[in-house]
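Structure first, then comments.
The values are calculated or read from the model by the stated rules, or taken from the named source; none is laboratory data. A quick note: this is a predicted structure, and the numbers were derived from the prediction, not measured. Glycine gets a Cβ as well: all are built from the backbone with ideal geometry, and neighbour counts include every protein chain shown.
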Amino acid sequence: MIHHLGILGGTFDPIHHGHLVAAQEACHQLALDRVLFVPAGAPPHKPGRPITAAHHRLRMLELAIAGRSRFAISRVDLDRPGPCYTVETLELLRAEWGPEPSFFFIEGADSLADIVKWYHPRRLLELCDLAVVARQGTRLDLDHLEQQLPGLKSQIHWVEMPTLEISSSDLRARVRAGRPISYLVPPEVEAYILDQRLY
């Protein structure tokens with residue numbers, strides 16, 4: 001029985017240890033029964049940037065979480081057309097999972113800073129709590145955010161994690177430049193990137 005479900009969305013282009021550690025720490029600290037990785041189809045906040053084909057991003061995710069019983073993948077955003085707004089993703093997942101379990105949307109503190117600009121942020125808070133991963137250097141004015149979204153602070157659950165300065169954009173640039181990505185991504189993901197000549 002799944003009572004507490006973590007949801008981690010992203011382009012995952014590619015998936016890396018930063019994503020995996022955030023999911024692991026949220027799972028442990030918030031006693032989540034499962035974390036769903038939700039790869040984006042057409043992310044609305046990245047218009048104009050070419051995104052690696054979905055089947056490659058999905059395969060890298062599968063390789064990265066193989067054998068982890070508390071990690072799973074949802075295709076909910078890959079199997080629908082158009083931009084995928086978080087609130088719509090959560091609506092679809094709620095329809096799929098029913099009134100239980102409780103949803104915890106895992107995001108970085110930098111994303112929380114912009115939450116009032118998200119698509120239907122009030123509805124978002126009706127659908128989930130927020131598992132916010134503390135990011136070094138991110139300054140948040142929670143009182144100001146609370147004024148704009150009353151009740152927000154009560155729905156924030158802070159997740160502490162080791163500082164890992166890894167970004168997918170840097171990984172893509174490293175591959176293009178012929179620089180190593182070992183220890184930044186799981187070895188199976190590195191092998192897949194090189195075998196498929198991604199980036």
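The residues of the stretch 87-129 that are in contact with a His (Cβ under 7 Å, 6 or more places away or on another chain), closer than 16 Å to Gly10 by Cα and not in a helix (DSSP H, G or I) amount to a single one, Phe104. Scanning the stretch 41-53 for residues that are modelled with pLDDT of 95 or more, surrounded by 15 or more Cβ atoms within 10 Å (Cβ to Cβ) and not in a loop (DSSP other than H, G, I, E, B) turns up nothing. Against the condition polar (S, T, N, Q) and modelled with pLDDT under 95, how does Ser167 come out, does it pass? Here the answer is yes, as Ser167 does meet what is asked. Evaluating Ile2 against the criteria (1) of a type in the set (A, V, I, L, M, F, W, C); (2) modelled with pLDDT of 95 or more; (3) assigned to a loop (DSSP other than H, G, I, E, B); (4) over 13 Å from the mean Cα position of the chain (by Cα) leaves one unmet condition, (2).
Looking across the stretch 146-177, the residues that are touching an Asp or Glu at 6+ places or on another chain (Cβ under 8 Å), assigned to a helix (DSSP H, G or I) and farther than 11 Å from His16 by Cβ come down to Lys153, Gln155. Within the stretch 57-86, the set of residues being part of a loop (DSSP other than H, G, I, E, B), in contact with a Pro (Cβ under 8 Å, 6 or more places away or on another chain) and closer than 22 Å to Lys117 by Cα comprises Asp77, Cys84, Tyr85. With the structure loaded, tell me whether Arg34 is under 22 Å from Tyr199 (Cα atoms) and basic (Lys, Arg) or whether it fails that test. It is false that Arg34 is under 22 Å from Tyr199 (Cα atoms) and basic (Lys, Arg). Selection of the stretch 67-84 for residues being under 18 Å from His28 (Cα atoms) and in contact (Cβ under 8 Å) with a residue 40 or more places away in the chain yields Arg70, Phe71. The number of residues in the stretch 119-145 that are more than 24 Å from Val21 (Cα to Cα) and surrounded by fewer than 17 Cβ atoms within 10 Å (Cβ to Cβ) comes to 9.
Working only within the stretch 64-101, note down all residues that are surrounded by fewer than 18 Cβ atoms within 10 Å (Cβ to Cβ), among the hydrophobic types (A, V, I, L, M, F, W, C), closer than 24 Å to Tyr192 by Cβ and modelled with pLDDT of 95 or more. Within the stretch 64-101, Ala66, Ala72, Ile73 qualify.
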